[in-house]
Amino acid sequence: MRVGIFSGSFNPIHMGHLMLASYFVEYGVFDEVWLSVSPHNPLRRRVSADDDHHRCAMVELATQRIAGVKVCDIEFSLPQPSYTINTLDALCRQYPQHNFTLIIGADNWLIFDRWYEPQRIINDYGVCIYPRRGYDIDVASLPVGARYVEAPMVELSSTWVREGVAQGRNLTAFLPAGVYEYINDNNLYKEKQ
């Protein structure tokens, strides 16, 4: 099975994440896309460990009704911070029957050389790059093992969602079924902005 690994903090997961993951499945780029919830991206500020279970629970809620899109929490059992190559290696050991490929946005591709063992990620797993507004990729210069997919661009961010929730806005339309209710029930993002 061809599995795309779409890693992120998903703090919180929103419709843009699901639309992109579903696109990759529905248009045959991958058989499945696994949303890998990351406890600590070494290139970003650490999300509170107290919020880890909430982020996983929200991704679990969000993926329940989306065919071919699943939650993956393997990074919580790996050493921190979360290096993508370690995640991919662990997945490959645990699921040797699958072929894993990393999914990243064009913004991350432009700083990919700052990642830990980027060449091995490309060589051993491959990278699938999706467009992000303001981040142009020279497709002709992509190395073997990296490909660009013209997926739709969705201008929605978790930061925008958190800020809207902190302001008391009803963002039900921007969040997967059950996630807005989960945020309210657990009083998330209210005092964090």
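The values are calculated or read from the model by the stated rules, or taken from the named source; none is laboratory data. As the structure is a computational prediction, the values presented were derived from the model and not from experiment. Reconstructed Cβ throughout: ideal geometry from the backbone, glycine too, with neighbour counts over all protein chains shown.
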Going by the structure shown, is Asn86 closer than 24 Å to Val149 by Cβ, of a type in the set (S, T, N, Q), assigned to a helix (DSSP H, G or I) and without any contact (Cβ under 8 Å) to a residue 60 or more places away in the chain? no
Segments classed as strands (runs of 3 or more DSSP E), wholly inside the stretch 98-193, with at least 1 members that are among the β-branched types (Val, Ile, Thr) and either modelled with pLDDT of 95 or more or touching a Pro at 6+ places or on another chain (Cβ under 7 Å) (or both): 99-105, 127-130
All but one of (1) more than 15 Å from the chain's Cα centre (by Cα); (2) of a type in the set (S, T, N, Q); (3) at pLDDT below 95 hold for Asn86; which doesn't? (3)
Leu102 - would you say it is within 23 Å of His54 (Cα to Cα), touching a helix residue (DSSP H, G or I) at 6+ places or on another chain (Cβ under 8 Å) and not hydroxyl-bearing (Ser, Thr, Tyr)? no
Got a number for residues in the stretch 155-193 being among the β-branched types (Val, Ile, Thr) and surrounded by 17 or more Cβ atoms within 10 Å (Cβ to Cβ)? 4
Would a scan of the stretch 61-78 turn up a residue that is among the aromatic types (Phe, Trp, Tyr), in a helix (DSSP H, G or I) and over 21 Å from Gln119 (Cα atoms)? yes
Unmet requirement for Leu35, which otherwise passes all of (1) at pLDDT below 95; (2) not in a helix (DSSP H, G or I): (1)
Residues located in the stretch 39-75, provided they are of a type in the set (Ser, Thr, Tyr) and modelled with pLDDT of 90 or more: Thr63
